[in-house]
Structures are given as C-alpha cells and as structure tokens.
Amino acid sequence: DTAVSQTPKYLVTQMGNDKSIKCEQNLGHDTMYWYKQDSKKFLKIMFSYNNKELIINETVPNRFSPKSPDKAHLNLHINSLELGDSAVYFCASSPWGGEVTEAFFGQGTRLTVV
Amino acid sequence: AQTVTQSQPEMSVQEAETVTLSCTYDTSESDYYLFWYKQPPSRQMILVIRQEAYKQQNATENRFSVNFQKAAKSFSLKISDSQLGDAAMYFCARFSNTGNQFYFGTGTSLTVIP
C-alpha cells in the first residue's frame, strides 16, 4: 500500500498550458504539504494544509493554486506554465501536533515545461 | 531565521569506511525535531533517522547515528560500514512546532567508492 501517492510521475507540457498534480495519503494524517525541488536539489515549502485549511502559503506565484477537497487529498493546479516552473514537486504528509514521527513523501512529479 | 545549513555539497567515502555529514540549524524554539532524509536516484525521500530535541541521547538506527549538540545547534549524521546503496543525496531537516513545517538543508551528495 502506497502511503502518499502522486500522479502523474512525469509531466511534460508546453508553456502557457494549465496542469494539475494530484496527491492522496492513506495515513490518516491531518497535515499535507507541497514542496518544490529545483535543479540544485533544494527543497522549498510551497503550501501546507491542515484538515483542508491552508496554513502556510509561501511566496508562490498566484498561478499555483492548491486545493484540498478532504484531508486525505491535496492537489496542485498550475496555470499558464512557465519554463521556470520546471522542477520536481513533492507532496508530503505528517501528523498534526503530538509526537511528530516524520514527513512521508510521495514519489515526486517531475514537471518539464518546454 | 529558520535556516538549516549543510556545508558539504559533496562527500565521498570508501566502501566499509565511516563518513560524517554535517548539519547546523538556526532556531529560537526549545522543542523541535530533527531528521536526516536520504534521496537516492529514484528521487524517493526516505527517512534515515530522527531526533527529538528534548532527548539528550543521540539517536541510532543500525549503521546510522547522529551527534546532536543542542547548544551548538548541530546535528551530524555518521554512517558506519558504508555500503554502495548508501550513495544518495542526504538532507538534514528540522520540524518547527510553531510553523508546523519542515525546513530542509541544501543537501549533501554522498558517493560511495567500491
């Protein structure tokens, strides 16, 4: 059973298109995240949701819009894709409060904008 | 500042030898969690080891151990008896209780020489 699953694993698209990445976790965690990993492997937080509510929204262009229909899902929609959006996007989840075990990561989505 | 610093972009170790990866962090919090994650070429983020800041005893997981120096805000990872499968990017991370997010270092690329 996959704990955190992202789809698609690879995404190649043209500039100006709109695309979505889906994420689902079956761990019962309250908190979900989107991270962007650039070409230098740096991991940067984009968004964090707790029980479907946005709690962290880092400096991310408005073209990126997260949506959490329920606490097990956190999708990322990107409008008007640009070359600089090319990166690996990771979804992750963790418990909220109490003892923090770890962040569980999806396998990542490699987005290539051409 | 909530930075996590890994000062070694690249490290190499001979198979069966021991290597230590460095990590320092900045925080004003007294209670937090520290992690080392491994990212092999498959790009899956895998938890290697975690440490609760309130625990003085250094965490160990088989061949992996940490040297946690809270006053110095230092959290190094020691890999003993290095194996070829240990070759990967290693990320140090800190979980912030106040922000409920994980802050990652820039990573250390570890090469294991047969």
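Rule-based calculations on the coordinates, nothing more; no lab input. Here the structure is a predicted model, which is why all the values come from computation and not from measurement. Please note: Cβ atoms are built from the backbone with ideal geometry, for glycine as well, and neighbour counts cover all protein chains shown.
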Per residue of B:96-105, other chain Cβ atoms within 10 Å number on average 5
Beta carbons within 10 angstrom, averaged per residue: use that to sort the peptides A:42-48, B:69-75, B:99-105, B:48-54, highest first.
B:99-105, A:42-48, B:48-54, B:69-75
Among the aspartates and glutamates, which have Cα under 19 Å from the Cα of A:K67 when same-chain residues fewer than 8 positions away are ignored?
A:D18, A:E24, A:D30, A:E53, A:E58, A:D85
To the nearest µm²/s, what D does Stokes-Einstein give for the protein assembly as shown at 10 °C and 1.306 mPa s, using the Kirkwood radius over alpha carbon pairs as Rh?
87 µm²/s
For the protein assembly as shown, the dipole about the Cα centre with charges only on Cβ (Lys and Arg +1, Asp and Glu -1), to the nearest 20 debye, works out at 320 debye
From largest to smallest, what semi-axes in whole angstrom does chain A give when each is the square root of 5 times an eigenvalue of its alpha carbon gyration tensor?
23, 14, 13
At q = 0.13, 0.18, 0.20 Å⁻¹, the log10 of I(q)/I(0) for chain B from a Debye sum over equal Cα scatterers comes to -0.45, -0.85, -1.04
Need one value for B:36-44: mean number of C-beta atoms belonging to other chains within 10 Å of its residues' C-beta atoms.
3
Cα point-scatterer Debye curve for the range A:51-94, base-10 log of I(q)/I(0) at q = 0.19 Å⁻¹
-0.68
Straight distance only, please: which lysines reach the Cα of B:K38 with their own Cα at less than 27 Å, same-chain residues fewer than 8 apart left out?
A:K9, A:K22, A:K36, A:K40, A:K41, A:K44, A:K71, B:K55, B:K70, B:K73, B:K78
Using a 7 Å offset from the Cα along the Cα-to-Cβ direction at both A:L54 and A:H77, what is the distance between the two label points in nm, to one decimal?
1.2 nm
